[in-house]
1. Across segment 287-313, which residue is farthest from the ligand (Cβ to nearest atom) among those that are crowded, with 17+ Cβ neighbours inside 10 Å and among the aromatic types (Phe, Trp, Tyr)?
2. In segment 218-255, which residue that is of a type in the set (D, E, K, R) and surrounded by 15 or more Cβ atoms within 10 Å (Cβ to Cβ) is nearest to VAL131 (Cα to Cα)?
3. Yes or no: ASN218 modelled with pLDDT of 95 or more, in the same structural domain as VAL186 (by TED's automatic domain parsing), out of contact with any Cys (no Cβ under 8 Å at 6 or more places or on another chain) and assigned to a helix (DSSP H, G or I)?
4. Taking the conditions exactly as written (small (Gly, Ala, Ser), out of contact with any helix residue (DSSP H, G or I) (no Cβ under 6 Å at 6 or more places or on another chain) and assigned by TED's automatic domain parsing to the domain that holds VAL196), does GLY237 satisfy them or not?
5. Can you spot a residue in segment 256-268 that is assigned by TED's automatic domain parsing to the domain that holds TRP157, within 16 Å of the ligand (Cβ to nearest atom), part of a helix (DSSP H, G or I) and at pLDDT below 95?
6. Find the residue count for segment 115-138, including only residues that are within 16 Å of the ligand (Cβ to nearest atom) and either surrounded by fewer than 20 Cβ atoms within 10 Å (Cβ to Cβ) or free of Cβ contacts under 8 Å to residues at least 60 places away in the same chain (or both).
7. Can we say VAL127 is touching a strand residue (DSSP E or B) at 6+ places or on another chain (Cβ under 6 Å), not in a loop (DSSP other than H, G, I, E, B) and not aromatic (Phe, Trp, Tyr)?
8. Of GLY108, GLY112, which residue is touching a residue at least 60 places away in the same chain (Cβ under 8 Å), more than 16 Å from the ligand (Cβ to nearest atom), part of a loop (DSSP other than H, G, I, E, B) and not β-branched (Val, Ile, Thr)?
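The values are calculated or read from the model by the stated rules, or taken from the named source; none is laboratory data. All values reported here derive from a predicted model rather than from experimental measurement. A quick note on method: Cβ atoms are made from the backbone with ideal geometry, for glycine too, and the neighbour counts reach across all protein chains shown.
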Amino acid sequence: MLISVRHYKNSPVGKFRFGNQKATGGRLFYSEQTMLPMKTRLTLLLCFVLASGCSVQHDSMNAILWIQTSAEYQSNSEMVFNVAESRLTLLRDKQDVTADIDQAKSFGCNVGTSCPGLAAAGLIPAVVLDVDETVLDNSVFGARLIENGEQWKPGAWDDWVSEKSATPVPGALAFIERARDEGVAVIYVTNRRCSVRERISEGSSNQSCPQKLDTLENLVTAGYPPLASADMLILQGEQPEWDSSEKQLRRQHIAKRYRIMMLIGDDLGDLASNIKKTSVEERARFVSNHQSLLGRYWFQLTNPAYGSWRGALSGKPAQDYLRLN
Ligand SMILES: [Mg+2]
């Protein structure tokens, strides 16, 4: 006889293993002859639950610990920005190439390949960066959610944005300073969302989008050079037509004046449009089809805490996505 045991993600019960486990079809099976007697197993399980105070580990614990404590996180971010920095001069001078799929299409060209019409347009070379978990590290906010046993909520996030305490992502500052030195425009496109606050920040002149002022200030307190103009930071909902978390229209707005020579972000949606909300399989296929752009025109940072990758895990329990063989 085989007894099936459901493996609950991140629960102490799910991590409690004994006997010989065999993985079959998304479930863990235990062979009867290798198992302890049922009474012993139940006693052990009860002891474990009582010892753990019946607490269940927060969903983001490992991800936030990785960001906040691992040298690997630091090294990964530094690596991405080092590679991007090594491409700055080359891409600035390649006036006939864009990193943006839509901008290439508007000239009848393909992304990452020579496009004479683009060169003739004489656009200003620009790097387009996401903000959160690309240049600003918000892991303190994530850590507070864990500490308080809370999940992400818009109000709590807006309080965090107004605190302006996010810190720089490793490697980003040196990259942005180098981009400016190379005469490349630096433009931020973020899904921080404009919304009216009942309590307006002191000195805020932009009452319809206090989040913009907060973000501009946070970038400076994190050590980034002040923006050449407030237009170089574009928030979600800053214009009525920019209400979507899809960044396509905002990139199209940038593309009227700038040649998007490089895209940098922690989410697939920072690199391309209408892909982040597709399935796990479609997202993987998209990356495979565009792998030649990665590390050359597109630069992806790692974010295990949140992102559209989590949204793709829908339609069935998350543990059903685990590959067991
Ligand atoms: Mg981000």
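1. Going through the qualifying residues, I end up with TYR297.
2. LYS247
3. Numbers: modelled with pLDDT of 95 or more: yes; in the same structural domain as VAL186 (by TED's automatic domain parsing): yes; out of contact with any Cys (no Cβ under 8 Å at 6 or more places or on another chain): yes; assigned to a helix (DSSP H, G or I): yes.
Yes; evaluated as a whole, the condition is true for this residue.
4. In short, yes.
5. no
6. 1
7. Criteria met by VAL127.
8. After applying the criteria, what remains is GLY112.
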